[in-house]
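Okay, structure first, notes after.
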Amino acid sequence: MQRSDYPPHLPPHQPPPKSGGGGTWIIIAIVAIPALIAFIGILAVLAVFGVRKYLVAAKQVEARNSMGTIGMRAAAAYERDRKLCASASAPVPEGVPRGMKFQSAATDWTRDEGQNAGFSCLQFEMSMPQYYQYNYQSTGSSFIASARGDLNADNSLSLFQLRGDVVGDAVQLGSSIEETSPEE
């Protein structure tokens, strides 16, 4: 006895039915691949912007730390000698570094040695390459320490300044470092 309904028999010359069209994957690829490339491009642009901002902030730390150190050294020199150090005869380096680090020599910081002046009186020097030009100017009763830089070499300068005044028997430092165009 032969059952015609179980299992269904297909003639041997018929191919099995298709599950879907191959064109669907082509359409998905045409739409998805450019969208994915655009998304990766946007992420790359954001990453470049974030890294640049991080690098600029890291370079600014040099100026802020140096201003704080010069301020503390000026106060310590006043306590030691009962007078502020006289002005530096020249900034270090003499020109503002443009978009790259400058390696100063030890002699750049000791030009005023023996004159109770400048960076040698403050006992301040930088042995590592620097992005900024540093200066110290004193009137005898106040001082201004400054750092000038041109991080992106566009001839637009950033400026960091710390002021200090002799008040009574001590040096009073400014409440903050004044910054002008710090991201330049």
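Since every read-out is calculated from the coordinates, none of them should be taken as a lab result. Quick caveat, the model's predicted, so the values are computed rather than measured. As a convention, Cβ positions derive from the backbone with ideal geometry for all residues, glycine included, and neighbour counts pool all protein chains shown.
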For the range 103-184, what does the alpha-carbon gyration tensor say about shape, rounded, prolate or oblate, given a ≥ b ≥ c as the root eigenvalues, a/c under 1.5 as rounded, and a/b over b/c as prolate? oblate
Ordered by number, the GluC sites (Glu not before Pro) in the range 45-116 that occupy a DSSP loop and have at most 14 other Cβ atoms within 10 Å are Glu94, Glu113
To the nearest 500 deg cm²/dmol, what mean residue ellipticity at 222 nm is calculated for the chain from DSSP H runs of n ≥ 4 alone, each contributing -39,500 (n - 2.57), summed and divided by the residues? -13000 deg cm²/dmol
Of Pro34, Pro97, Pro129, which has the largest mean-square fluctuation in a 10 Å C-alpha GNM of the chain? Pro34
Cα atoms only: what Rg and Dmax, in Å, come out for the range 38-100? 19.7, 65
Based solely on C-alpha atoms, express the radius of gyration and the Dmax of the range 46-180 in angstrom. 15.4, 53
Under 5 Å, built H, 5+ apart or other chain: amide partners of Ser104: Gln130
Convex hull volume of the Cα atoms in the range 73-117, per residue, in Å³? 87
Given Cβ point charges of +1 (Lys, Arg) and -1 (Asp, Glu) and nothing else, what value in debye, to the nearest 20, does the dipole of the range 46-180 about its Cα centre take? 320
